[in-house]
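Structure record follows, encoded as structure tokens.
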Amino acid sequence: MKKLFLSLSLLAAILCSGLTESHAQSKLDMHSRMMLRELRTGKADNISMTRAYVPEQSCVEAFIRYTGQDVLPQLEALGVSIIVNLTDLMTCRIPLDRVEQVAMLDEVKLISFAQEMQLNCDRARQMSLIDEVHAMTDLQGQPYTGKGVIYGTIDVGFDFNHPAFKNEDGTSRILYAYLPEQETAVEGGMQLDNYPGFVYDNEAIANLITDNAESYHGTLTLGIGAGGRNGHDTYYGMAPEADIIVAAVTNMLNTTLLNSAKLMIDMAKELGQPISINMSLGNPTGPHDATDLLAAGLDQLTGPGAIISMSIGNDGNNDISLHKPADSKVVTLLYDVGYESFGKFNQFFVEAWSHDGMSDFTAQLAIVNRESGDIYASSPLVQADGTDSENILTYHDPSLMGEAGIWYFTDTYEEGGRGHVRFARTDTTITLLDSSHAFALIVSGEAEVYISTHGGIALSDGGKPELFAKGNPDASFSSNAAGFNTISVGSYNSKNSWTNYAGEKYSFDIPLGNYDEDSSYGMSVDGRTFPDISAPGVFIASATSRYANEIAKEELLSQDDEENKYQVAAGTSLACPVVAGTIALWLQACPTLDDDDVRDVLEHTAIHDEFTDAAPIRFGYGKLDAKAGLDYILNNMSVGISTLHTECPASLTYDLFGNEGGEGYH
């Protein structure tokens with residue numbers, strides 16, 4: 001039998017590393033250890049793996065979970081630049097050569113390098129009864145259109161100067177735009193202490209553009225949540241008169257998302273306005289509970305008048321998860337959806353988490369015969385017993401085209417002690433020459449285990465259910481949306497046809513009103529189900545980029561004006577701003593609403609029908625009903641906005657660090 005074995009040089013390095021480095025490494029989660037080794041060995045070829053690295057500063061962006069504020073001067077002495085500091089969690093930049101020293105500090109409990117997230121309205125307003133809300137007025141006669149409320153959005157690719165985001169007089173409705181990854185400011189850019197990138201005020205917005213032919217997602221989501229009538233009398237958004245604050249990201253690192261949300265909420269507090277933030281992005285891998293670091297950080301940011309909505313993900317039709325019951329064994333095949341192959345992978349990623357820290361399990365990566373189930377070659381058994389370890393498996397085998405290294409890692413996740421194993425391949429393509437062979441993950445032991453993957457890899461039975469276990473979407477929801485205080489949003493079918501600018505009609509055979517098959521869902525280990533609520537998300541009309549005629553010609557609704565285009569799009573990314581925009585309307589009625597209040601409103605007012613009754617886990621509380629929600633608020637908790645902030649202040653004097661006179665900007 002051909003064998004797999006550890007690289008001898010790596011094994012020697014591991015044996016000689018000593019207890020000090022081992023202790024420090026144990027505080028780095030497995031993603032961080034994988035990335036650190038690739039950076040230091042010069043093998044950091046995978047861009048998505050290394051976006052957290054800031055080469056001009058030779059540092060990495062990261063989360064640190066810690067205890068006690070006494071550690072702060074120690075971190076600063078080691079060159080750590082703190083960006084956002086919460087109760088027991090911070091985002092920061094750590095010098096690459098000081099990572100182990102930082103980890104050795106007793107108060108430091110966990111280091112996690114930043115990870116990249118993925119991108120997950122005519123008919124939408126009607127189906128969620130938004131138009132009826134717009135027709136209502138408050139005691140001052142002001143329509144419920146979001147006036148006096150800030151709509152915040154964190155996304156990729158914005159046309160800041162689209163007419164949908166302007167007032168009738170041509171001035172921008174965007175109060176501030178934060179570009180966290182911008183290295184050189186354009187005219188009007190202001191640098192904020194500790195925060196990377198630049199901030200632009202209302203007058204400088206005209207100088208900005210971040211959309212291009214590949215990136216225009218932000219324009220779509222902002223148009224749905226807060227697009228105004230100035231652009232189009234039909235395709236405007238949920239909160240068309242809300243003020244807007246935008247964070248235009250590029251790399252979508254989880255640390256950047258938390259930094260941006262913190263800055264937005266602090267700005268809103270200084271301006272004296274409530275804020276509803278939309279985050280139409282996420283990641284299907286991770287612990288899938290509130291220990292996810294982005295979820296935990298967002299939980300600490302929300303509160304009265306500051307509510308965050310997050311899309312649940314678009315993997316509801318993908319077999320990316322699998323549950324292993326206690327005291328059992330499962331064998332599942334890895335299948336590359338893009339290559340439509342069991343034997344060719346550009347990269348792959350598969351991980352397993354125990355239900356709790358009370359029971360152990362083992363995991364093994366193998367090459368198997370798809371017809372018989374026979375194991376052709378395999379890794380050693382990886383024991384998820386609370387012991388942190390890291391190795392590389394190097395395959396020397398005629399079945400492989402060339403030599404392939406597979407990372408494997410184990411650790412006990414710091415929060416809750418859940419065992420965790422990961423196998424990953426992140427650079428060159430792997431090809432099995434024998435078409436009857438496939439990579440398989442084998443998990444066994446007394447622990448109840450949750451297996452997940454992403455990046456175009458499915459868990460398959462290969463048509464042999466008697467030999468292998470098939471994955472499912474039952475835990476496909478974004479791990480980042482699993483916090484206690486964020487509102488997670490799923491999508492349902494709101495439209496099944498449209499006519500584009502050229503008069504061409506497109507139709508799809510999908511049941512109107514039923515859940516969007518791509519909308520993710522699932523249950524966390526603590527028994528909470530996701531999403532919280534469902535909203536229209538299929539073929540929603542919204543403002544779009546000037547590049548739309550190049551990249552979305554079939555979906556384009558208008559192209560007469562190069563600067564004022566609209567298109568249809570689908571996904572939970574489009575459903576989420578429907579909810580976030582609706583919450584902005586509710587905040588106009590009651591500026592002190594918090595996430596518990598919003599859940600109370602959703603529970604008592606969401607729409608129920610034959611679709612929600614048939615698949616409750618796909619809809620959460622049900623379908624969004626903005627009108628019933630507003631009525632419930634007015635009858636139970638309304639305090640109203642006494643002073644409407646209709647003008648942008650001449651300058652923002654807010655200082656994040658408590659200095660008088662607004663010294664935070666320079």
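Where a number appears in this text, it was derived from the coordinates with a stated rule and is not lab data. Note that the coordinates shown come from a computational prediction; the quantities given were computed from them, not determined experimentally. We place every Cβ from the backbone using ideal geometry, glycine too, and count neighbours over all the protein chains shown.
Observations on the structure shown:
- Calculated over the stretch 196-350: convex hull of Cα atoms, volume per residue (Å³): 190
- Orientation-averaged projected area, Cα convex hull of the stretch 237-284 (nm²): 4.2
- Relative packing of 81-89, 603-611, 351-359, 452-460, which averages over residues the other C-beta atoms within 10 Å, highest first: 452-460, 351-359, 81-89, 603-611
- Applied to the stretch 239-245, the Karplus parametrisation 6.51 cos²θ - 1.76 cosθ + 1.60 on θ = phi - 60° returns per-residue 3J(HN,Hα) values of 10, x, 10, 6, 6, 10, 10 Hz, with x for Gly and Pro.
- Kirkwood Rh and Cα Rg combined as Rg over Rh, evaluated for the stretch 444-590: 1.07
- Relative compactness, the stretch 256-346, computed as alpha-carbon Rg over 2.2 N^0.38 Å: 1.55
- Panel note: the C-alpha atoms of the stretch 156-212, placed on their principal axes, show extents of 36, 22, 15 Å (largest first).
- Shown here are the Rg and Dmax of the Cα trace of the stretch 304-389, at 17.3, 59 Å.
- Cα-Cα separations in the stretch 426-498 greater than 20 Å, expressed as whole percent: 58
- Burial ranking of peptide ranges 475-481, 576-582, 340-346 (average Cβ count within 10 Å, highest at the top): 576-582, 475-481, 340-346
- Here the average projected area of the convex hull drawn through the C-alpha atoms of the stretch 132-235 stands at 8.1 nm².
- Pairs from the table (LYS269/LYS565; LYS109/LYS344; LYS464/LYS623; LYS109/LYS470; LYS166/LYS627) lying more than 28 angstrom apart at Cα are LYS269/LYS565; LYS109/LYS344; LYS464/LYS623; LYS109/LYS470.
- For the stretch 258-319: relative contact order, % (alpha-carbon pairs under 8 angstrom, 6 or more apart): 46
- Among 30-39, 508-517, sorting by the average number of other beta carbon atoms lying within 10 angstrom of each residue, highest first, gives 30-39, 508-517.
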